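Student: Pasting a structure below so you can have a look.
Values quoted throughout were computed directly from the atomic coordinates according to the rules given, and no laboratory measurement underlies them. These numbers were taken from a predicted model, which means no experiment stands behind them. A quick note on method: Cβ atoms are made from the backbone with ideal geometry, for glycine too, and the neighbour counts reach across all protein chains shown.
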Amino acid sequence: MIPLSWYLIFAAALFCIGLFGVLARKNSIAILMGIELMLNSVNVNLVAFWRYRTPETITGQVFAIIVFAVAAAEVAVGLALFISIYRRRNTVVADEINLLKW
Amino acid sequence: MTAVQIIFLLVAAATLGAGLLVVTAHNLIHAALWLVVSLFGIAVLYVLLNAGFLAVAQVVIYIGAIAILVIFAIMLTRKVAADSGPQINSNWGWGAALAVALFGALFWIFQGWPGINTALQPLSDQDTVVQLGQALLAPDQYLLVFEVASVLLLAALIGSIMIARVRKDS
Amino acid sequence: MATETLIWLLLVPPLLAFFLIVLFTNRSNRLSHIIGVGAAFLSWLGSMVVFYRAVTTEHLGEHPFTSSFNWLATGDKYLSVGLLVDPLTAVSLFFVAWTIFMIFLYSVGYHNFGQPKGDHDRPGLPPHGATVTDAHGHSHMVPSIEPMYARFFAFIGLFAFGMYLLVLSDNLVTLFVGWEIMGLCSYLLIGFWYGKESARAAMVKAFLTTRIGDMFMLLGIAYLYSFTGTMNFRDILYNQEMLNLLASTPAVGGFLGLSAAGLIGILLFFGTVGKSAQFPLHVWLPDAMEGPTPVSAMIHAATMVSAGVYMVIRFFPLLSAGMEHGHLTTAMTVLSVVGAFTALFAATIALAQNDIKRVLAYSTISQLGYMIAALGIGAYVAAAFHLITHAFFKALLFLGSGSVIHGMEHGVLHTGEHVDPQDMYNMGGLRKKMPITFWTFLIGGFALSGFPLVTAGFWSKDEILADAWGHGHYVVFGVLALAALMTAFYTMRQITLTFLGEPRTKAAEHAQETPWTMTLPLSILAIFAVGAGWVGIPEHFPGMGGLIPNWFHEFVGGTLLEHPVAVDFNFIPLLTSLVVALGGLWAGWTVYSRVKTLKTVDPLKPVLGGFYTVLKNKYYFDELYEKLFIRPAQWLSATFVSLWMDRTVIDGFLHGVAAFSLQVGSALLRYFDTPVVNGFGNQVGEGAKKLGHLLRPIQTGRIQQYMILALVSVATFSALFYYLLVYTR
């Protein structure tokens, strides 16, 4: 019997790892990968709560499905953006994409 | 320690380890590949949670589409010099601190929440896939959400094409 | 037309003439004199009608012609403007109308109307002649027209208005208005030739001296008004209860033991002292000879000085209020003393004057003294009588002297000699050159001296002397008799030096008679100088008395509440009068017919010795006043007030305040405004800039750093909120 707390702690850890990746990586695509990790940890959280707290209604899984769709859309658009930026500025290093600096 | 627990622990460790490597790998392709591993581990966890459909969907969507897309993008945006060497920027201290703080906060919240020790109820006999399908398409349940998600995907599709297309320079 | 309306209309022509000339006809000499003389004629005509109606009204004194309207509201009463024609007014109107009309007509000729413009004539200076070239190429100088011709007529028009207003008025307010208008006009006309320094000085002297008198008069008027609550003559003077009240109430503050009537009377008398040039305010009148001769006639005979005497005559009831059994009241004593003294005083000065007009000026002062002395001893009718006869013959004498001066000027221009045309010593023998002037002047001179029976002056002067003797005022009688002697003497002196003998200068040889506009008025006035006395022949006069009733006494006496009693006839005053007049005339002729040439010394000089110089210098009164009053006043204003108080103290204070404020201001600027206020403003700006500068690096454009910042903030705030909301509950 796996207690709920294990799933939750796991998800929290994965989320924090993803957060670290977002904040600390140079390459923009690496940032996206971090974001993916975070989204996945959220999904795990959702499904765990569904299974342990409200297994009779399917709402938890529906939520997770929608998160999939959103994640996919977001990755697509994000990568399209990065490719466009790469074409323009010849770089995907996040620190160099700083046109909005003062 | 039951077998399920052991499996869980192994898979969780693998996933977390892969995740760490995702965020620390020097080579970006390696990072992408470790992402794949991590995603796969999560799929296994879905199976453990009796969400089989989601496990498959995870593999198909995340690994089959998203991870591949990421690899494509990496390849399309390679800069050999920039892609070697440490891939951690100067803010990593802050990032690490924040991550640790967040984890600590979350852990502490879990401690104070009594519902954390909910027991695992056995699933009823319903077919979760059928239930899922009905939920997604029933007008009195989540049909609207489903449609909106479709529109979102369409928008993303068109949008990404628009953003990434090669403009004929005048 | 009702008389009440007609008397208002008398005032209009002269005033209208003034405004018309000033506003419209200033440029045209002919039009101006037509308007001026026309106005005088219209007023004369109206006055004659009013006079006729007045004398044909029974008991005019009890119901005179009056008309008035309310003018100024004061509290619950009114000051009114009104006119009154009672017997006194009627006879005054007679002589005023005639003399003014004659003077206006005379002025046309005097100012050389019809003559060419002068070579170097400028407005403000008397005309100096024009060069005329005749058919043969001969050029000689002729008299030139007065440059300010129209202005003269405007001013005398206003003057005439003032006099008419004064004579006709029924209350003190209107009288005072007329009084002051004449004061103004005398100022303007004495200084008519304002280009001359002496004229300017004289005009100011006249105005200021009469002002001193006016000030006291105003005090008297104010006191009278506050006491009685009315200014109307009928209410005060024809009202026995009011007069009794005034006589019995002691003056405010128990002033010198006078009654209210006495004090008011004396205060009002001061106005006359100023206006009629009595001692000690006589100093302005001789200097007033600076004005053109018609002005001298106007001021010193017809109008202004007569106004002063007219006023005291009018106020006789007030002055004599409280008189018991022939004892003079204090006011009357003052009048008689001042009048008698002035009569003698001025007569002595006239003995030593050489200017033809100055003699007449002092003569006027002396004769006015006569009138006032007469009033002072209670001879009401005699004083009024002498006022009227004097107006006629003095106007005649002044106009005659103007004619003489004109003739002399003609001679001066002709010969080019530079002699003073007014100095009698430069004249002589003019009777042949200027016959009409001579005979009229002679008549006037005899009238002034009191030549018996055929001159008006005899009758009026004799009545005064008779009254003085008859009521036992022997001192006054003696003084007046002595003054009469001197009057005759200096008059004959004047006539002898001017007309008799042989011409002493070339200019006198070439003197010429003056045009008809000047000689006609002289002739008309001469008629009055002869005949005006016959209306007042006393009843008990030997021979003539009773033939013609003493109309004058009857008529004028009706002005008073109680008809004055005519004095009984006595031989002594008559005899004295004859001796004095004839003796003086004979003496003057004998002494001065010895003066043959210019070099001859005045025969009086060796007789009087040093005293002669004193007389000639008018007892040095001008110098005394200069030292006593004028210098200190000038010092006060120039040094004390202007320099010390104004410039040193007040200006110094102001400058100090200004300097102090400047210091405070600059200190505030330096120590407060610039560092604190300005600095604060600057600091706000600088601070904002610095803060911005400081915060700028936050915006790096790097999203990871934004994210870190956001998360750090979230973490901080959530920890804070958690602590505040959850933990501390």
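Student: Sort C:583-596, C:436-449 for me by packing, meaning the mean count of neighbouring Cβ atoms within 10 Å per residue, highest on top.
Tutor: C:436-449, C:583-596
Student: Rounded to whole Å, give me the distance from the Cα center of the range B:99-114 to that of the range C:117-144.
Tutor: Taking the Cα centre of each part, the range B:99-114 and the range C:117-144 sit 132 Å apart.
Student: Please report C:R122, C:R151, A:R51 as a ranked list, fewest other C-beta atoms within 10 angstrom at the top and most at the bottom.
Tutor: Working: C:R122 11, C:R151 18, A:R51 23.
Least crowded to most crowded, the residues run C:R122, C:R151, A:R51.
Student: Label the range A:4-93 by shape, choosing from rounded, prolate and oblate, from the square roots a ≥ b ≥ c of the eigenvalues of the Cα gyration tensor; if a/c is under 1.5 it is rounded, and otherwise prolate applies when a/b is larger than b/c, oblate when it is not. Mind showing how you got there, number by number?
Tutor: Values: a/c = 7.61, a/b = 1.93, b/c = 3.94.
Note, shape of the range A:4-93 comes out oblate.
Student: Amide H to amide H, which residues 5 or more places from C:A130 or on other chains are under 5 Å from it, using H placed in the peptide plane?
Tutor: So C:A130 has HN proximity to C:D119, C:V142, C:S144.
Student: Pull up the cross-link candidates among the aspartates and glutamates for C:K618, meaning alpha carbon to alpha carbon under 15 Å and not fewer than 8 places away within one chain.
Tutor: C:D287, C:D355, C:E626
Student: Can you grab the distance from the C-alpha centre of the range B:8-68 to the C-alpha centre of the range C:219-234, Å, no decimals?
Tutor: Here the two parts' Cα centres lie 129 Å apart.
Student: Apply the Karplus parameterisation 6.51 cos²θ - 1.76 cosθ + 1.60, with θ equal to phi minus 60°, to every residue of the range C:484-500 and state each ³J(HN,Hα) to the nearest whole Hz, in sequence, with x for glycine and proline.
Tutor: Once rounded to whole Hz, the list reads 5, 4, 5, 4, 4, 4, 5, 5, 5, 3, 4, 5, 4, 4, 7, 9, 8.
Student: Next question. Which GluC sites (Glu not before Pro) in the range A:22-102 pass both tests, a DSSP loop state and at most 13 other beta-carbon atoms within 10 Å? Mind showing how you got there, number by number?
Tutor: Numbers: sites: A:E36, A:E56, A:E74, A:E96; in loops: A:E56.
Passing sites in the range A:22-102 are A:E56.
Student: Using mean Cβ contacts within 10 Å as the protection proxy, how do C:715-726, A:20-31, B:143-154 order, highest first? All intermediate terms of the calculation are to be shown ahead of the outcome.
Tutor: Values: C:715-726: 10.8, A:20-31: 25.8, B:143-154: 13.7.
Ranking the peptides C:715-726, A:20-31, B:143-154 by packing returns A:20-31, B:143-154, C:715-726.
Student: Would you kindly calculate the translational diffusion coefficient of the range C:4-67, applying Stokes-Einstein with the Kirkwood radius from alpha carbon pairs, for 37 °C and a viscosity of 0.692 mPa s, and quote it in µm² s⁻¹ without decimals? All intermediate terms of the calculation are to be shown ahead of the outcome.
Tutor: Values: Rh = 13.1 Å.
Estimated via Stokes-Einstein, D reaches 250 µm²/s.
Student: Could you work out the mean projected area of the convex hull around the alpha carbons of the range C:328-616, in square nanometres to one decimal?
Tutor: Values: hull surface 60.8 nm².
Here the figure is 15.2 nm², rounded to one decimal.
Student: Moving on. Please go through the residue pairs C:K461/C:K596; C:K357/C:K627; C:K275/C:K357; C:K394/C:K627; C:K117/C:K196 and name each one whose alpha carbons sit more than 22 Å apart in this structure.
Tutor: Details: C:K461/C:K596 33 Å; C:K357/C:K627 27 Å; C:K275/C:K357 19 Å; C:K394/C:K627 33 Å; C:K117/C:K196 20 Å.
Long pairs (Cα-Cα over 22 Å): C:K461/C:K596; C:K357/C:K627; C:K394/C:K627.
Student: Which shape class applies to chain B: rounded if a/c is under 1.5, otherwise prolate when a/b exceeds b/c and oblate if not, where a ≥ b ≥ c are the square roots of the Cα gyration tensor eigenvalues? Mind dumping the intermediate values first?
Tutor: Details: a/c = 1.96, a/b = 1.19, b/c = 1.65.
Oblate shape, in that a/c is at least 1.5 and b/c is the bigger or equal ratio.
Student: By counting other Cβ atoms within 10 Å of each Cβ, how are C:T131, B:T128 ranked from fewest to most?
Tutor: C:T131, B:T128
Student: Each residue of the range B:115-129 in turn: what ³J(HN,Hα) in whole Hz from Karplus with 6.51, -1.76, 1.60 and θ = phi - 60°, glycine and Pro shown as x?
Tutor: Running phi through 6.51 cos²θ - 1.76 cosθ + 1.60 with θ = phi - 60° gives x, 6, 9, 5, 7, 7, 8, x, 6, 6, 7, 5, 7, 5, 5 Hz.
Student: Continuing with this model, one more query. Pairs of Cα atoms under 8 Å, at least six residues apart: use those to get the relative contact order of chain C, whole percent.
Tutor: Details: 1220 pairs, mean separation 81.9, N = 729.
Dividing the mean separation by the residue count of chain C yields 11 percent.
Student: Then there is this: Considering amide H positions built from the backbone, and no H for Pro or chain starts, which residues 5 or more places from C:S593, or on another chain, come under 5 Å of its amide H?
Tutor: The list, which skips near neighbours in sequence, is empty: none.
Student: Can you give the longest run of chain C that contains no GluC sites (Glu not before Pro) sitting in a DSSP loop with at most 16 other Cβ atoms inside 10 Å?
Tutor: Details: sites that count: C:E58, C:E62, C:E417, C:E539, C:E562.
The reported range is C:63-416.
Student: Using Cα positions and a limit of under 22 Å, work out the lysines in reach of A:K101, with same-chain residues fewer than 8 apart set aside.
Tutor: Within the straight-line limit of under 22 Å, A:K101 reaches these lysines: A:K26, C:K689, C:K690.
Student: Where the centroid of each part is defined by its Cα atoms, how far is the range C:410-472 from the range C:57-82 in Å?
Tutor: With the range C:410-472 and the range C:57-82 each reduced to a Cα centre, they are spaced 42 Å.
Student: Go through the range C:223-239 residue by residue and turn each phi into a ³J(HN,Hα) via Karplus (6.51, -1.76, 1.60, θ = phi - 60°); whole Hz please, and just put x for glycine and proline.
Tutor: Running phi through 6.51 cos²θ - 1.76 cosθ + 1.60 with θ = phi - 60° gives 4, 4, 5, 5, 6, 9, x, 9, 10, 6, 4, 5, 5, 9, 8, 9, 10 Hz.
Student: Explain nothing, just the number: dipole magnitude of the protein assembly as shown about its Cα centre with +1 on each Lys and Arg Cβ and -1 on each Asp and Glu Cβ, in debye rounded to the nearest 20.
Tutor: Details: 52 positive and 52 negative charges, 802 e Å.
Charge dipole of the protein assembly as shown: 3860 debye, to the nearest 20.
Student: Along its principal axes, what span do the Cα atoms of chain C show, with the longest given first and each in whole Å?
Tutor: 149, 78, 58
Student: Mind running the shape call on the range B:39-128? Use the C-alpha gyration tensor, a ≥ b ≥ c as the square roots of the eigenvalues: rounded below 1.5 for a/c, prolate if a/b tops b/c, oblate otherwise. Intermediate results must be reported in sequence, preceding the final value.
Tutor: Working: a/c = 5.16, a/b = 1.33, b/c = 3.89.
In terms of gyration-tensor shape, oblate.
Student: Determine which aspartates and glutamates satisfy two conditions relative to C:K432: a Cα distance under 18 Å, and not lying fewer than 8 residues away in the same chain.
Tutor: C:E409, C:E502, C:E509, C:E513
Student: Count, for each residue of C:695-708, the Cβ atoms from other chains sitting within 10 Å of its Cβ, then give me the mean as a whole number. Walk me through the numbers on the way to the answer.
Tutor: Working: counts 1, 2, 2, 2, 4, 5, 8, 10, 9, 15, 9, 1, 8, 9.
Partner-chain Cβ atoms within 10 Å, mean over residues of C:695-708: 6.
Student: Averaged over its residues, how many other protein chain Cβ atoms are within 10 Å of peptide C:714-726's Cβ atoms?
Tutor: Details: counts 2, 5, 0, 0, 1, 2, 0, 0, 1, 0, 0, 0, 0.
The shielding value for this peptide is 1.
Student: Can you tell me the Rg and the Dmax, both Å, for the Cα atoms in the protein assembly as shown?
Tutor: Values for the protein assembly as shown (Cα only, Rg and Dmax): 64.6, 186 Å.
Student: Follow-up. Sort C:T600, C:T364 so the one with the fewest other Cβ atoms within 10 Å of its own Cβ comes first. Display every interim value, and only then the final one.
Tutor: Details: C:T600 12, C:T364 28.
In order of increasing Cβ crowding within 10 Å: C:T600, C:T364.
Student: Right, another one. Hey, if you put +1 on the Cβ of every Lys and Arg and -1 on every Asp and Glu Cβ in the range C:623-697, which of C:A633, C:L694, C:Q663 ends up farthest toward the positive end of that dipole?
Tutor: C:L694
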